[in-house]
Amino acid sequence: MSRGPYQPTAGGVPPASPAAGGWILYSRPVSHPHKSEARGLALIALSTLAYGVQPIFGKVAYAAGVEPLPLLAWRYLIALVCLELLERGPRPPLRVRLRLWGIGSVFVFNSIAYFMALDALPASVTALVLFTYPVIVALLAALAGVEALTWRSLLAALAAFAGCALTAGGLRLSAGLPARGVVWALAAALVYAGFVVLSSRFGKGVPARVLALHLVQVAALLCVIFAFLGPGLSLPRDPRAWLSVTAIAVVSTVVSMIAFLAGMALVGPSRASVLSSLEVLVTLVLAFLLLGERLTAPQWAGAALILGAVAFQNAAALQRVLRRSPASDSA
């Protein structure tokens, strides 16, 4: 059923539609700045949880014999089917679609680098190196003119990175961590930072599901080509392989990507990236519970530093939400 011509809107939220259901993320216009800010923080938190379980699913897939490129190919093929079913409205003009596909071509190399790193490193160390990216985002966003580089943003990003370093126990290359894994993880951080800034600047006015759909379209195409030219597309017959890949596709791709893009449209790339540092805590707790990785005292100190950085970065927004009057809610 057609919804009329495509209409880009501010904040990535499409206009209200009489046929729209109750999904507030994509069907209703944002009427109150305080509510939209709180919603943005909640969406980033949701994406953080969904992303945080990704390395756990990845380790399960690797234990079942899955290789990185086939994993990514099936991840994005399954995610593409889900997003095509979710987003059945009109498509943007071709010039907009080309721009979104360009952003997707950057995103896919982050995925490849990340899963290559995860294949070589423990989940905690991969998370540590990846989360140098809030610092990179703050710098790139300032250079690209997306956001001003404030002292609060820079300090929060640096504190989040320092907390990640403590939480993951530091890089112990002397203990036998493969250098190639660290290089892949650093590459993933750099590419992901570029993706965050590009999608914030060139994806403005595009609904989150439309943007996510175009990212996954190009990611599926490229990953299928790379897998076909490399190890192939087949997965092991082990049920763990298909269950873990499907979980990565649905939870850590569809849910996490839509929530992150919608939240970033409301709170900005720097704050989104700092709040996403909580992903490290999710990964480490799950790695402790499911993979046997233990948290030490310095790691708990790092967790506290990450939480402090997030609270510091978002203190003003949280205060405004708490001070919101009942009259403003009913307006």
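The values are calculated or read from the model by the stated rules, or taken from the named source; none is laboratory data. As the structure is a prediction and not an experimental result, all values here were calculated from the model. Positions of Cβ are generated from backbone atoms using ideal geometry, with glycine treated the same way; all protein chains shown enter the neighbour counts.
Here is how the numbers come out for the structure above:
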read-out	value
Selection from region 98-124 of residues that are under 16 Å from Ala220 (Cβ atoms), under 17 Å from the mean Cα position of the chain (by Cα) and of a type in the set (Gly, Ala, Ser)	Gly104, Ser105, Ser111
Answer from Gly40, Gly52 - the residue that is at pLDDT 50 or above, out of contact with any Ser or Thr (no Cβ under 7 Å at 6 or more places or on another chain), under 16 Å from Gly263 (Cβ atoms) and surrounded by 17 or more Cβ atoms within 10 Å (Cβ to Cβ)	Gly40
Count of region 258-301 residues which are small (Gly, Ala, Ser), under 20 Å from Val129 (Cβ atoms), in a helix (DSSP H, G or I) and modelled with pLDDT of 75 or more	3
Residue list for region 218-261, filter: surrounded by 20 or more Cβ atoms within 10 Å (Cβ to Cβ) and of a type in the set (Ser, Thr, Tyr)	Ser244, Ser252, Thr253, Ser256
Helices (runs of 4 or more DSSP H) (entirely within region 56-151) containing at least 3 residues that are over 17 Å from Gly181 (Cβ atoms) and of a type in the set (Val, Ile, Thr)	94-120, 133-143
Conditions (1) farther than 22 Å from Thr150 by Cβ; (2) buried (at least 24 other Cβ atoms within 10 Å of the Cβ): number failed by Ala265	(1)
Only one of Ala185, Ala249 that is touching a helix residue (DSSP H, G or I) at 6+ places or on another chain (Cβ under 8 Å), part of a helix (DSSP H, G or I) and either farther than 16 Å from Ser47 by Cβ or of a type in the set (Phe, Trp, Tyr) (or both)	Ala185
